[in-house]
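The structure appears below as C-alpha cells.
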Amino acid sequence: MWFDACARDLPWRHTRDPYAIWVSEAMLQQTRAAVVVEYYRRFIEEFPDLPSLARASEDAVLAAWSGLGYYRRARSLHESARAVMAEYQGRVPSTAAELSRLPGVGVYTAAAVASIAFGERIAAVDGNVERVLTRYLGHEPVPGAARSGQLRLDAMRLVDPKRPGDFNQAMMELGATVCLPKVPMCLRCPVHAGCRTRGAHPAAPARRMLSRKISLALVQRKDWPKSELLLELRPPDAPQMPGMWELPEVKQGREISDSQLLTIRHSITNTNYYVTVYGLHASDHKGLVPAAGERKWVPLVELHNRPLTGLARKILKRLKVMPGYSGAGPSIMIGDVVRDAEKEFESAIFGN
Ligand code: SF4
C-alpha cells in the first residue's frame, strides 16, 4: 500500500489510543500537520489522558492550545472530555454515531476517530479528501457543501473494509502531499492510472485576503522583584478568540515612532494583519492605550500559563519577552527588548 511506504512519520500515527487520535484530529482541522506536531506533543505531555484533560481548567487548556488558532476546537475538546467522563465512565465511545453526539464533534472527526482508533468501516471526508475524490472521479468542482453528501457516499464505496483507518489516513495524506490544491503531482500519484482528470482539473480559486493595520503596545513595569506586562482580555462575546489575553491596542493616531519595537504580519482566517508593536513604560501608557476590556499586570514568568492569542504569543516570543525563541529567558526590560528587536527588525518585517 502506498500509505505504508510513503506516509509521513507523524507522532499520532504511532498510537491506537483513541484519546490521542482524537486530540490529533481536533488539531488537524484547518491546520497543517507540520504545524500541529509540536503542539500535539506538548498537549499530550501536559494532558496525557482523557481524565487529565477533563480535570484541567479552561485557561490551562487554552494556554496549551495557544498559537494554534481556532480556539473553539480546544473548548469543544475540553467540553467533550468532561462529557465522556460523565456519560461513558471515561471511555471514548467507539462508533462514529456516538462520537458525533459529543459537543463540537463533527461528522468528519467522529468518522476519523472511529475508523483509526476502533476500525469502524466509515469514510472520513475533509477538504483534502474532497479534492482528491472530486478529481479522481471527475466531478465538476462545486462548493463543498453542495458536493460533500455525494462525496461521502462515493468515499464509503471505496473505503477498504480491512483497513478503514489506514484508508482514511491515506486519502488525507494523498490530498496533503500529492494531490495539492494548485498543482497536483500526478506523476507521483498512486491512483494516477484510474484518475479521470489527472491534473486537468481547474485549480481552486484563490481566497481573497483582506488587509488591516493595527498598533499594539508592550507595556511593562518593574514591580520588584518581578517584571510584569499589561495584558487585556478579549470579551467573552468576541467573534474570534473570546476569553484569550492579548496586548492592548494603541489609540489611533497616537503611535510614537521612536518606541517602535517590531513590525510583523499575522494572518487570521481571511485577513492579513500588519502589526506595529510599540514599547511603553508603565508610567507612559495612560492616554496612549485606552482600556477596551478587563486588564491585568501579568508577571513575565507566568506568561506561558496564560491563554494568549496566537498574535500575542508570536510577538512575545519574537521580542524574547517569553521563552521559546532562541532560548531567551523571561527577564528582559523594554530597553533590552529594543536593542534585541533592532537586530530582529529586518528579518521580522512582514515575515511570519
Ligand atoms: S492523478 Fe493527479 S489529479 Fe488525479 S488524484 Fe492523483 S494527483 Fe490528484
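Scanning for something in a helix (DSSP H, G or I) and more than 19 Å from the chain's Cα centre (by Cα), does segment 55-73 turn up at least one residue?
yes
Is at least one residue of segment 130-150 among the hydrophobic types (A, V, I, L, M, F, W, C), touching a residue at least 60 places away in the same chain (Cβ under 8 Å) and under 29 Å from Pro181 (Cα atoms)?
Among the residues of segment 130-150, not one is among the hydrophobic types (A, V, I, L, M, F, W, C), touching a residue at least 60 places away in the same chain (Cβ under 8 Å) and under 29 Å from Pro181 (Cα atoms), which makes the answer no.
Answer with yes or no whether Asp59 is modelled with pLDDT under 95 and farther than 30 Å from Cys179 by Cα.
Yes, satisfied.
For Trp12, state whether it is at pLDDT 95 or above, closer than 28 Å to Val191 by Cβ and out of contact with any Cys (no Cβ under 8 Å at 6 or more places or on another chain).
yes
For segment 160-179, what are the residues that are among the aliphatic types (A, V, I, L, M) and within 8 Å of the ligand (Cβ to nearest atom)?
Leu174, Val178 - these are the residues of segment 160-179 that are among the aliphatic types (A, V, I, L, M) and within 8 Å of the ligand (Cβ to nearest atom).
Which of the residues spanning segment 193-216 are closer than 26 Å to Leu28 by Cα and within 16 Å of the ligand (Cβ to nearest atom)?
Of everything in segment 193-216, those that are closer than 26 Å to Leu28 by Cα and within 16 Å of the ligand (Cβ to nearest atom) turn out to be Gly199, His201, Pro202, Ala203, Ala204.
How about segment 266-322: which of its residues are surrounded by 15 or more Cβ atoms within 10 Å (Cβ to Cβ), part of a loop (DSSP other than H, G, I, E, B) and either touching a Leu at 6+ places or on another chain (Cβ under 9 Å) or touching a residue at least 60 places away in the same chain (Cβ under 8 Å) (or both)?
Within segment 266-322, His285, Leu288, Val289, Arg306, Pro307, Thr309, Leu319, Val321, Met322 meet the criteria.
Can you tell me how many residues in segment 32-46 are outside any helix (DSSP H, G or I) and in contact with a Lys or Arg (Cβ under 9 Å, 6 or more places away or on another chain)?
Here the count works out to 0.
Among the numbered criteria (1) surrounded by fewer than 18 Cβ atoms within 10 Å (Cβ to Cβ); (2) in contact (Cβ under 8 Å) with a residue 12 or more places away in the chain; (3) within 26 Å of Gly310 (Cβ to Cβ), which one does Arg73 miss?
(1)
Take the conditions within 25 Å of the chain's Cα centre (by Cα) and either in contact (Cβ under 8 Å) with a residue 60 or more places away in the chain or in the same structural domain as Ile315 (by TED's automatic domain parsing) (or both) and apply them to Arg196. Does it pass?
no
For segment 86-140, which positions are in a helix (DSSP H, G or I), under 23 Å from Pro11 (Cα atoms) and within 16 Å of the ligand (Cβ to nearest atom)?
Gly127, Asn128, Val129
In this structure, is Ala155 surrounded by 16 or more Cβ atoms within 10 Å (Cβ to Cβ), touching a helix residue (DSSP H, G or I) at 6+ places or on another chain (Cβ under 9 Å), modelled with pLDDT of 85 or more and over 16 Å from Gly194 (Cβ atoms)?
Here the answer is no, as Ala155 does not meet what is asked.
Across segment 116-152, what is the total count of residues that are at pLDDT 85 or above, under 27 Å from the mean Cα position of the chain (by Cα) and among the aliphatic types (A, V, I, L, M)?
9
The values are calculated or read from the model by the stated rules, or taken from the named source; none is laboratory data. From a predicted model like this one, the values you see are computed outputs, not experimental measurements. Every residue, glycine among them, receives a Cβ derived from its backbone with ideal geometry; neighbour counts consider all protein chains shown.
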